[in-house]
Amino acid sequence: MMKRFILTLCLLGPALPAIAADSPSDAGLTEIRELGLLNGQALACSHTQTASRIKAIMIQHAPKSRRYGEAFEAATNQAFLAQVKNDKAACEDGAALAKQAETLALRLQAAIPAMAQQ
């Protein structure tokens, strides 16, 4: 009985980090989504410098994985469509969006250590 347990553990052991990485509580995923929302607003409101800075934050600090990239893109699309639907006149100031992006960059760096971003 114990041998089966150990054998099963040995076989499943390498898969456990992959399973854990797919959990909804992935480190930094909330910050990535929030950056995507800001990016969508910035794009819809023609704040190109802010959108460029947000993309730079993603490149510098986000893990290079499909999961994080898809979360960012989905949030960007959602926010862009919502902003366009609401009204461009209701756009938030570019400087305010940029400040929020910098705050999120700090939160993302804290949530995901530099070594784990690779």
If each K or R counts +1 and each D or E counts -1, the residues other than Ala98 whose Cβ falls under 11 Å of its Cβ total -1
What is the sum of charges, Lys and Arg at +1 and Asp and Glu at -1, for the other residues whose Cβ falls under 9 Å from the Cβ of Arg107?
-2
Below 8 Å, C-alpha to C-alpha, sequence gap of six or more: please give me the relative contact order for segment 35-93 in percent.
56 percent
In segment 43-81, what trypsin sites (Lys or Arg not before Pro) fall in a loop by DSSP, with at most 13 other Cβ atoms inside 10 Å?
Lys64
Which shape class, rounded, prolate or oblate, goes with segment 36-104 when its Cα gyration tensor gives a ≥ b ≥ c as root eigenvalues, a/c under 1.5 marks rounded, and past that a/b bigger than b/c marks prolate?
oblate
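Read-outs throughout are calculated quantities, based only on the coordinates presented, and are distinct from any laboratory measurement. Small disclaimer: the values here were computed from a predicted structure and weren't measured. Reconstructed Cβ throughout: ideal geometry from the backbone, glycine too, with neighbour counts over all protein chains shown.
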